[in-house]
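Below is one structure, written out as structure tokens, with a few remarks after it.
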Amino acid sequence: MIEDIELETLINDIYEYYGFDFGSYSRASLKRRVNRLYHLDGFRNFYEFLSKVRNDSDYYKRLIDEITVNVTEMFRDPTFYRIVRTEILPLLATKPFIRLWHAGCSTGEEVYSMAIMLKEAGLLHKSLIYATDINSKVLETAKKGIFPLRMMKEYSENYRDSGGQEDFSSYYIANYGIAKFNDELAQKMVFSQHNLVSDNSFNEFDFILCRNVLIYFDNDLQKRVINLFDASLAVLGFLALGTKETIKYSISTTKYKQLEKEKIWRKVK
Amino acid sequence: MEESKIISNKRVVIIGGSAGSLNAILQILPDLPVFKSFALVIVLHRRGTDDLTLEELITLKAQTEVKLIEDKVQLMHGFIYVAPSNYHLLFEKDDFFALDTSEKVNYSRPSIDVSFESAAEVYGSNLIGILLSGSNTDGTEGLKAIQNAGGIVVIQDPKSAEMPYMPSNAILNTTPDYILSPEEILKFIISIDK
């Protein structure tokens, strides 16, 4: 097990050598991820590990891939998607053009889920989904729209639980253990690298989704990110977080109205 | 054994269980009087959906108040906490819960090992880990971590477990302080509230 002081040294070195700031990341999770990588790659002592990170930029990329959490799934939390389908999309439908931002999209499973729902609501043609992540490698996967075929059974159940009524397998082509999602869905997606820790607002959106990203951030960074979303959200637009996340520690909730028990807030002023 | 380090002065009882453990939990909680001097954290393998069925059931059966775990909720004495479905549950040094959606461990999220190891780091000798019925190997590594940090290790007597594999595996690979039936676990928890 690496020591706390070693973790702090690593965080400082990453900032000094590469400019990436993990200083506001929640330590319990970060420490577990770093510890896992340290053992996986068979380092004998911490200084060997540290020197590898400092001197080998390819290894640094590996470190970023491994310690940022990139686990996601299609229609994760089907109830959430059901609410989006029944409560939010009909309200967005009245707009001539719909801009969505999926922040921290990882390998894109939730972005394709949203595109499927927009298509079914007849809104995909006038929508644009900006999907961003700090990790350029996951964005490459997301752009391709290729996911493991073995996951499709679970995703198709999630899709059904979210209120989907089509044949889920009509959205992809199965081949050699992979499922390649239809290009039609990806046509309305724009992928780019964006760092919630240091980058600013880049557009105004009607719907911002950032699910299970804030759980890795401390209170101060959460405040920064929620305010960044606030600055990027049109009045009467929606903000959706993960099922265990909240805006209440970060921003005056009089500006936002929560949709009953869901982790979805509408900007009211 | 490593020297025990305590980072937080909170006292925590953490219970892990898999298949068959809900029965044991339901033999323990209804008769457990309201407690004040520790926090009780329950980590059970459960279906990966976002429902609150387990939280609602435990709220219904327990005398002590159940507090829902969300991001940045702080652990306090006198409450029961249940690890939410589809997240790993970890502990920060300042007693805040931390949630993590990373890969399943032992085919499970929440994983008992992940929570036990994280709790061991923060609560050290102020931690009691209890492992119940189940049919995989989750929990054994976590109990080792609790033991190494100076905490107390309790394992459900496999004879009393619906699925004896998980407690048996833990007994083989650790040196438990106690091997108890659910009724004895109840008495044990009552005895530590002071």
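Being more than 18 Å from residue A:36 (Cα to Cα), more than 12 Å from chain A (Cβ to nearest Cβ) and aliphatic (A, V, I, L, M), is that true of even one residue in region B:104-127? Yes, that holds for at least one residue. Residue B:138 meets each of the listed conditions (1) more than 14 Å from every other protein chain (Cβ to nearest Cβ); (2) surrounded by fewer than 21 Cβ atoms within 10 Å (Cβ to Cβ); (3) under 24 Å from residue A:67 (Cβ atoms) apart from (2).
Only one entry in A:71, A:34 is in a helix (DSSP H, G or I), closer than 23 Å to residue B:98 by Cα, hydrophobic (A, V, I, L, M, F, W, C) and within 14 Å of another protein chain (Cβ to nearest Cβ), namely A:34. Can you name the residue in region B:78-103 that is among the polar types (S, T, N, Q) and closer than 17 Å to residue B:18 by Cα and is also nearest to the other protein chains (Cβ to nearest Cβ) among such residues? Filtering region B:78-103 for residues that are among the polar types (S, T, N, Q) and closer than 17 Å to residue B:18 by Cα, the one nearest to the other protein chains (Cβ to nearest Cβ) comes out as B:86.
If the condition is being among the aliphatic types (A, V, I, L, M) and within 15 Å of residue A:131 (Cβ to Cβ), then region A:187-227 contributes A:189, A:190, A:196, A:208, A:209, A:213. Just wondering, is there one or more residues in region A:96-111 that are touching a helix residue (DSSP H, G or I) at 6+ places or on another chain (Cβ under 7 Å), more than 14 Å from chain B (Cβ to nearest Cβ), assigned to a strand (DSSP E or B) and over 28 Å from residue A:199 (Cα atoms)? No, every residue in region A:96-111 fails to be touching a helix residue (DSSP H, G or I) at 6+ places or on another chain (Cβ under 7 Å), more than 14 Å from chain B (Cβ to nearest Cβ), assigned to a strand (DSSP E or B) and over 28 Å from residue A:199 (Cα atoms). Filtered by the rule that a residue be in a helix (DSSP H, G or I) and under 27 Å from residue B:111 (Cα atoms), region A:11-31 gives A:11, A:27, A:28, A:29, A:30, A:31.
So if I check each of A:156, A:170, which one is in a helix (DSSP H, G or I), surrounded by 12 or more Cβ atoms within 10 Å (Cβ to Cβ) and not aromatic (Phe, Trp, Tyr)?
Testing whether each residue is in a helix (DSSP H, G or I), surrounded by 12 or more Cβ atoms within 10 Å (Cβ to Cβ) and not aromatic (Phe, Trp, Tyr) leaves just A:156.
Does region B:45-63 contain any residue that is closer than 24 Å to residue B:159 by Cβ, in contact (Cβ under 8 Å) with a residue 60 or more places away in the chain and surrounded by 15 or more Cβ atoms within 10 Å (Cβ to Cβ)? Yes, some residue in region B:45-63 is closer than 24 Å to residue B:159 by Cβ, in contact (Cβ under 8 Å) with a residue 60 or more places away in the chain and surrounded by 15 or more Cβ atoms within 10 Å (Cβ to Cβ). In region A:44-52, the condition of being in a loop (DSSP other than H, G, I, E, B), at the interface with chain B (Cβ under 10 Å from one of its Cβ atoms) and not small (Gly, Ala, Ser) is met by no residue. Taken as a whole, region A:82-89 holds no residue that is surrounded by fewer than 15 Cβ atoms within 10 Å (Cβ to Cβ), away from every other protein chain (no Cβ under 14 Å) and more than 23 Å from the chain's Cα centre (by Cα). Every listed requirement among (1) surrounded by fewer than 15 Cβ atoms within 10 Å (Cβ to Cβ); (2) outside any helix (DSSP H, G or I) is met by residue A:8 save one, (2). Kindly list, by first and then second residue, each pair from a residue in region A:112-131 that is assigned to a helix (DSSP H, G or I) to a residue that is of a type in the set (Phe, Trp, Tyr) and surrounded by fewer than 22 Cβ atoms within 10 Å (Cβ to Cβ), limited to pairs with Cβ atoms under 8 Å and residues at least 6 apart or on different chains. Close Cβ pairs (under 8 Å, with a partner that is of a type in the set (Phe, Trp, Tyr) and surrounded by fewer than 22 Cβ atoms within 10 Å (Cβ to Cβ)) amount to A:112/A:181; A:126/A:97. Answer yes if at least one residue in region B:128-138 is part of a helix (DSSP H, G or I), more than 29 Å from residue B:7 (Cβ to Cβ) and out of contact with any strand residue (DSSP E or B) (no Cβ under 8 Å at 6 or more places or on another chain), and no otherwise. No - not one qualifying residue is present in region B:128-138.
When you go through A:195, A:200, A:219, A:227 one by one, which is the residue that is in the same structural domain as residue A:127 (by TED's automatic domain parsing) and touching a residue at least 60 places away in the same chain (Cβ under 8 Å)?
Residue meeting the stated conditions: A:195.
Cβ-Cβ distances below 8 Å connect the following pairs, each with a first residue in region A:161-189 that is touching a residue at least 40 places away in the same chain (Cβ under 8 Å), a second residue that is in a strand (DSSP E or B) and among the small types (Gly, Ala, Ser), and a separation of six or more residues or different chains: A:188/A:127; A:189/A:131. Of all residues in region A:202-258, exactly one satisfies the criterion of being assigned to a helix (DSSP H, G or I), among the hydrophobic types (A, V, I, L, M, F, W, C) and more than 18 Å from the chain's Cα centre (by Cα), namely A:231.
Of the numbered criteria (1) crowded, with 23+ Cβ neighbours inside 10 Å; (2) among the β-branched types (Val, Ile, Thr); (3) more than 14 Å from chain B (Cβ to nearest Cβ); (4) over 20 Å from residue A:139 (Cβ atoms), the one residue A:208 fails is (4). The single residue among A:109, A:8 that is in the same structural domain as residue A:197 (by TED's automatic domain parsing), acidic (Asp, Glu) and free of Cβ contacts under 8 Å to residues at least 60 places away in the same chain turns out to be A:109.
Taking residue A:27, is it within 22 Å of residue B:100 (Cα to Cα), free of Cβ contacts under 8 Å to residues at least 12 places away in the same chain and either more than 14 Å from chain B (Cβ to nearest Cβ) or under 22 Å from the mean Cα position of the chain (by Cα) (or both)? In short, no.
The values are calculated or read from the model by the stated rules, or taken from the named source; none is laboratory data. Being a predicted model, the structure only gives us computed values, none of them experimental. Here the Cβ is made from the backbone with ideal geometry for all residues, glycine too, and neighbour counts use every protein chain on show.
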